[in-house]
Amino acid sequence: MARKKKISQTKTVEVAAVGKAVTETAAKAEKVVKEIKENRSYEIGELDHYLFGQGTHYELYRKLGSHLVNDGKQDGVYFAVWAPHARRVSVVGEFNGWNPEADVMEREEPLGIYTRFLTSAKKGDLYKYCIETQSGELIYKADPFANEAELRPGTASRITDISRLKWSDSTWMNHRETWDHKTEPMSIYEVHIGSWKRHPGREDEGFYNYREFARAITEYVLEMGYTHVELIGIAEHPFDGSWGYQVTGYYAPTSRYGTPEDFAYMINYLHRHKIGVILDWVPAHFPKDDHGLADFDGQALFEYPDPRMGEHPDWGTKIFNYAMPEVQNFLIANALFWIEYFHADGLRVDAVASMLYLDYGKNDGEWVANQYGGNENLDAVNFFRHLNSVVLGRNHGTLMIAEESTAWPKVTGAPEDEGLGFSLKWNMGWMHDFTEYMKLDPLFRKNAHYQMTFAMTYAYSENYILVLSHDEVVHLKCSMLNKMPGLGWDKYANLKVGYAFMIGHPGKKLLFMGQDFAQLREWSEERELDWYLLAEDEQHVYVKNFWRDLLKLYKKNKALYEQDCCMEGFEWINADDNFRSIYSFVRHSKDGKKNLLFVCNFTPMEREDYRVGVPKRKQYKLILNSDEKQYGGSGKERPEIYKAVKQECDGREYSFEYPLPPYGVAVFEF
């Protein structure tokens, strides 16, 4: 207990220190931001060094990198790169024949930032930095702050100008400032652009570009009823098979799908159609590719110098050095870049657990304990509190979402209360229990009944998103459909009842592309989704119809989202009907005027004599019935209204009968 208290006190001091640093530099930061935005000062100055060294230069991307400017006499490009361990740095590119002797950069102290203004360089030129290390070796690096990159397999940066992006989403952006994720619906469609749809018969990969994708995805999202799209693999990365989770260009939308202007068009288009955009963001690690951040100036710069701290043995990647203010600044400014400059509505932060634990994926002897002998990475804790305080403090209505797979406390708690400050957390525990239960033969589900109810014991400890993501449908894990037991109709029916349970359960929702129409194959980044299934087999249409109507039911009914974060929003009717594998529960609206009763049958057994207990002697209106023909059911006609009578059932004074079909789902409004 003493050690934990000491760590707790230290964390509190660290939070206070961060707050003090932010406060002390606020006036100076405001001044430099104003100067930068007014283009009065493009050169790196004393104030830039100071803020960067403090880790609070939140507009750093406007100064480092390459920028088209005018020095008062002529147009040119201003280059700036942080490389404190370098003996010499030069900028090389198409404008000087890639000659490292042509344009040597000037070193500026105290941080070791190298700068050069060139009139010979122009928009569209490819370039790199040639860094002479202390040992005399020449290494060639892409610009960490470049806004555009050469299409792979090329690895150079490209000079571009993102100062004139066109936006017409002011209505969305103004509304966002007052939007509250805790009380609003969120149904997220997780998408990988390169494999969602492709143009057939083209010699290249046939990718949709950002503009084509914007129009096509908007039509689909509006048809289905999602509120947000979450895009994976957006920042520049060299290897398609990494899905964008091994980033080399943190400030550049990947050139696979077009230019930064095209990327901005996509977000603008989605916003104009009232669709939110969440981007996957990877501050946990980066690859060792020669042109990337690893050993950037000949030594560890962005990563911890000790390989026990600075490398992931399992992933073969480097770990950011969260103890360095400049590295924290690089990442925090990057988060702000996507949210403020490109209008993203939130970031889903990848692999948070790997950042929080020093021994994550490591054996004894492969990691270093913190100063108190524990496995918590206190640098990362400090970083998250700083990051989330700044991003969410400056951008009301945006989201910071943690993919965190452990029981680390207060991930969505306030930093001043020793929390990490995230808006939402992926509920990985629910996902695991749900998928394991759904894989079971219905005969054996009665023995695992409480896997589906366990998540309610901790449902309000964090602000959760229920996720069935890309990670669950790759690497021999099977698609969602092929996780289901049985053959033919049974598999589709299993999936539908599972999806209904997910929609009814407290928490925001996320589903990966292809799973909403019961894709047969696992996902692969090398091909588009199997859209042809919708034309070949009506069972896929039935699943799509059912999921579409579940999403519309979700958006339409406040009971399903406005009390996600409090116990008053959910009530079990019967959580213990394990013999029949039936779950019944109520979602309550805040005003109590429009509540929903869910009944889910997880076996192929028809229950003609089924009776459900209810909270009140009211009329119950059937608003969703999985047995309809459009969902692949029998189409048997049923009454719309069911009157509760005074007959005990499920420990309730009142109840009504409802013949429950095999794998039947019924939702009633009262």
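Restricting to the range 499-514, count the residues that are within 11 Å of Y554 (Cα to Cα) and assigned to a strand (DSSP E or B).
So the count comes out to 2.
Among the residues of the range 420-436, what is the count of those that are without any contact (Cβ under 8 Å) to a residue 40 or more places away in the chain and either in a helix (DSSP H, G or I) or in the same structural domain as M605 (by TED's automatic domain parsing) (or both)?
So the count comes out to 5.
Name, by its number, the condition in (1) assigned to a loop (DSSP other than H, G, I, E, B); (2) surrounded by fewer than 22 Cβ atoms within 10 Å (Cβ to Cβ); (3) within 23 Å of the chain's Cα centre (by Cα) that does not hold for E261.
With respect to (1) assigned to a loop (DSSP other than H, G, I, E, B); (2) surrounded by fewer than 22 Cβ atoms within 10 Å (Cβ to Cβ); (3) within 23 Å of the chain's Cα centre (by Cα), E261 is out only on (1).
Tell me whether the range 98-116 contains one or more residues that are at pLDDT 95 or above, in contact with a Cys (Cβ under 6 Å, 6 or more places away or on another chain) and among the polar types (S, T, N, Q).
No, that holds for no residue.
Among the residues of the range 516-527, is there at least one that is closer than 30 Å to K182 by Cβ, buried (at least 19 other Cβ atoms within 10 Å of the Cβ) and touching a residue at least 24 places away in the same chain (Cβ under 8 Å)?
For the range 516-527, residues closer than 30 Å to K182 by Cβ, buried (at least 19 other Cβ atoms within 10 Å of the Cβ) and touching a residue at least 24 places away in the same chain (Cβ under 8 Å): present.
Taking into account only those residues within the range 592-629 that are basic (K, R) and either without any contact (Cβ under 8 Å) to a residue 40 or more places away in the chain or part of a loop (DSSP other than H, G, I, E, B) (or both), which is farthest from S655 (Cα to Cα)? Walk me through how you get there before you give the answer.
Quick first cut of the range 592-629, residues basic (K, R) only: 593-594, 607, 611, 616-618, 621, 629.
With either without any contact (Cβ under 8 Å) to a residue 40 or more places away in the chain or part of a loop (DSSP other than H, G, I, E, B) (or both) added as a condition, the list becomes 593-594, 616-618, 629.
Working: K593: 19, K594: 18, K616: 8, R617: 8, K618: 10, K629: 27 Å.
Per the criteria, the residue is K629.
For E150, are the conditions met, namely being among the acidic types (D, E), under 30 Å from P506 (Cβ atoms) and over 21 Å from the mean Cα position of the chain (by Cα)?
No.
Given the conditions (1) of a type in the set (A, V, I, L, M, F, W, C); (2) surrounded by 17 or more Cβ atoms within 10 Å (Cβ to Cβ); (3) out of contact with any helix residue (DSSP H, G or I) (no Cβ under 8 Å at 6 or more places or on another chain), which single one is not true for A535?
Going through the list (1) of a type in the set (A, V, I, L, M, F, W, C); (2) surrounded by 17 or more Cβ atoms within 10 Å (Cβ to Cβ); (3) out of contact with any helix residue (DSSP H, G or I) (no Cβ under 8 Å at 6 or more places or on another chain), A535 breaks only (2).
Among the residues that make up the range 121-128, is at least one of them farther than 19 Å from T248 by Cβ and not in a loop (DSSP other than H, G, I, E, B)?
Within the range 121-128 (the criterion being farther than 19 Å from T248 by Cβ and not in a loop (DSSP other than H, G, I, E, B)), the answer is no, since none of the residues qualifies.
So which residues in the range 181-195 are under 20 Å from L553 (Cα atoms) and not hydroxyl-bearing (S, T, Y), if there are any at all?
Once the filter is applied, which keeps residues that are under 20 Å from L553 (Cα atoms) and not hydroxyl-bearing (S, T, Y), the range 181-195 yields H181, K182, E184, P185, M186, I188, E190.
Residue under question is C565, and the condition is that it be surrounded by 16 or more Cβ atoms within 10 Å (Cβ to Cβ), part of a loop (DSSP other than H, G, I, E, B) and in contact (Cβ under 8 Å) with a residue 40 or more places away in the chain; does it hold?
Answer is yes for this residue.
Filter the range 360-399 down to the residues that are among the aliphatic types (A, V, I, L, M) and closer than 18 Å to V327 by Cβ, then identify the one that is surrounded by the fewest Cβ atoms within 10 Å (Cβ to Cβ).
V368
Tell me, which residue of the range 85-103 that is surrounded by fewer than 16 Cβ atoms within 10 Å (Cβ to Cβ) and not acidic (D, E) is nearest to the chain's Cα centre (by Cα)?
This residue is H85.
Residue under question is D417, and the condition is that it be free of Cβ contacts under 8 Å to residues at least 12 places away in the same chain and loosely packed, with under 15 Cβ neighbours inside 10 Å; does it hold? Walk me through it before giving the result.
Details: free of Cβ contacts under 8 Å to residues at least 12 places away in the same chain: yes; loosely packed, with under 15 Cβ neighbours inside 10 Å: yes.
Against the criterion (free of Cβ contacts under 8 Å to residues at least 12 places away in the same chain and loosely packed, with under 15 Cβ neighbours inside 10 Å), D417 qualifies.
Quick check on this structure: which one of H505, H449 is under 22 Å from the mean Cα position of the chain (by Cα), under 30 Å from D627 (Cβ atoms) and either modelled with pLDDT of 95 or more or crowded, with 22+ Cβ neighbours inside 10 Å (or both)?
Exactly one of H505, H449 is under 22 Å from the mean Cα position of the chain (by Cα), under 30 Å from D627 (Cβ atoms) and either modelled with pLDDT of 95 or more or crowded, with 22+ Cβ neighbours inside 10 Å (or both), namely H505.
Yes or no, residue by residue, for (1) more than 21 Å from A149 (Cα to Cα); (2) part of a helix (DSSP H, G or I):
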position	(1), (2)
Y269	yes, yes
I278	yes, no
A294	no, no
N329	yes, yes
A335	no, yes
W338	no, yes
M355	yes, yes
N370	yes, no
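Being of a type in the set (A, V, I, L, M, F, W, C) and at pLDDT 85 or above: is that true of V18 here?
no
Identify, please: which residue in the range 446-481 is out of contact with any Lys or Arg (no Cβ under 9 Å at 6 or more places or on another chain) and among the hydroxyl-bearing types (S, T, Y) and is, among those, farthest from Y561 (Cα to Cα)?
Among those residues, the one meeting the criterion is Y450.
Just need a number here: residues in the range 544-564 that are more than 24 Å from the chain's Cα centre (by Cα) and of a type in the set (D, E).
1
Of the numbered conditions (1) of a type in the set (F, W, Y); (2) in a strand (DSSP E or B); (3) over 38 Å from the mean Cα position of the chain (by Cα), Y114 fails exactly one; give the number of that condition.
Of (1) of a type in the set (F, W, Y); (2) in a strand (DSSP E or B); (3) over 38 Å from the mean Cα position of the chain (by Cα), only one is false for Y114: (3).
Could you say whether any residue in the range 483-491 is surrounded by 15 or more Cβ atoms within 10 Å (Cβ to Cβ), touching a residue at least 60 places away in the same chain (Cβ under 8 Å), among the acidic types (D, E) and part of a loop (DSSP other than H, G, I, E, B)?
Within the range 483-491, not a single residue is surrounded by 15 or more Cβ atoms within 10 Å (Cβ to Cβ), touching a residue at least 60 places away in the same chain (Cβ under 8 Å), among the acidic types (D, E) and part of a loop (DSSP other than H, G, I, E, B).
Just one of the numbered conditions (1) among the aliphatic types (A, V, I, L, M); (2) surrounded by fewer than 23 Cβ atoms within 10 Å (Cβ to Cβ); (3) in contact (Cβ under 8 Å) with a residue 60 or more places away in the chain is not true of I275; which one?
For I275, the failing item is (3).
For the range 563-586, check the following and say yes or no: at least one residue is at pLDDT 95 or above, more than 30 Å from N463 (Cα to Cα) and not aromatic (F, W, Y).
Among the residues of the range 563-586, at least one is at pLDDT 95 or above, more than 30 Å from N463 (Cα to Cα) and not aromatic (F, W, Y), which makes the answer yes.
For the range 78-91, indicate whether the set of residues that are in a loop (DSSP other than H, G, I, E, B), under 18 Å from A252 (Cβ atoms) and of a type outside the set (V, I, T) is non-empty.
Scanning the range 78-91, I find no residue that is in a loop (DSSP other than H, G, I, E, B), under 18 Å from A252 (Cβ atoms) and of a type outside the set (V, I, T), so the answer is no.
So which residues in the range 327-349 are surrounded by 20 or more Cβ atoms within 10 Å (Cβ to Cβ) and charged (D, E, K, R), if there are any at all?
D345, R348
The values are calculated or read from the model by the stated rules, or taken from the named source; none is laboratory data. Keep in mind it's a predicted model, so treat the numbers as computed, not measured. Positions of Cβ are generated from backbone atoms using ideal geometry, with glycine treated the same way; all protein chains shown enter the neighbour counts.
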